[in-house]
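Derivation of every value follows stated rules applied to the coordinates shown; laboratory data play no part. Remember, predicted model here, so these are calculated numbers, not experimental data. Glycine gets a Cβ as well: all are built from the backbone with ideal geometry, and neighbour counts include every protein chain shown.
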C-alpha cells in the first residue's frame, strides 16, 4: 500500500478547490479545446456524489439544461478543471442523490444556505 502512495504522490498536484460535499451547488470551470484555441467553460449544478481517494478522487455534478438533465463527472486531479467555486451548501442526509434524477421543478430543490467567497476558500 505504501508503494501506491509513493507513486501517486508525485503524479498530479491537486487544484485549489474548496471543501464541498454531496448536495452542494458548485460551478466548475473546465478548459475546453476547440481546434487550436482553448477557452474556459462553466458548468453549474448540484453535486450528486463524490467517490474515490487520492488521485482517483472524483465528483459528479448534475444540472438541468433545456429540460434535460445533464451529469458530468470531474476528477479532482484533472488538468482540465481550472477552478471550482462553491456557491451554496446543501442540507441533505444521503451520500448519493440519485433520486434527483426522477424529480422535476420545485421538487428537485435542496434546502441550502449561500456561501460567502471568503468562507469557501478552504482547500482540501
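A few remarks follow.
- Taking other Cβ atoms within 10 Å as a rough exposure proxy, 24, 2, 85 sort from fewest to most as 2, 85, 24.
- With 0.36 nm allotted per residue and the present C-alpha distance subtracted, the residue 93-residue 27 stretch has 21.6 nm of extension available.
- Look at 102, 36, 71 and count the other Cβ atoms within 10 Å of each Cβ; fewest to most, that gives 36, 102, 71.
- Extended-chain gain in nm, criterion 0.36 nm per residue less alpha-carbon gap, residue 19 and residue 114: 32.8 nm
- This ranking places 107, 63 by how few other beta-carbon atoms lie within 10 Å of each, fewest first, which gives 107, 63.
- For residue 38 and residue 73, a Förster radius of 22 Å and the Cβ-Cβ distance give a FRET efficiency of 0.55, rounded to the nearest 0.05.
- Mean separation of Cα contacts under 8 Å (6+ apart) over length of region 14-101, as relative contact order %: 38 percent
- Using only Cα coordinates, the Kirkwood hydrodynamic radius of region 14-101 works out to 13.6 Å.
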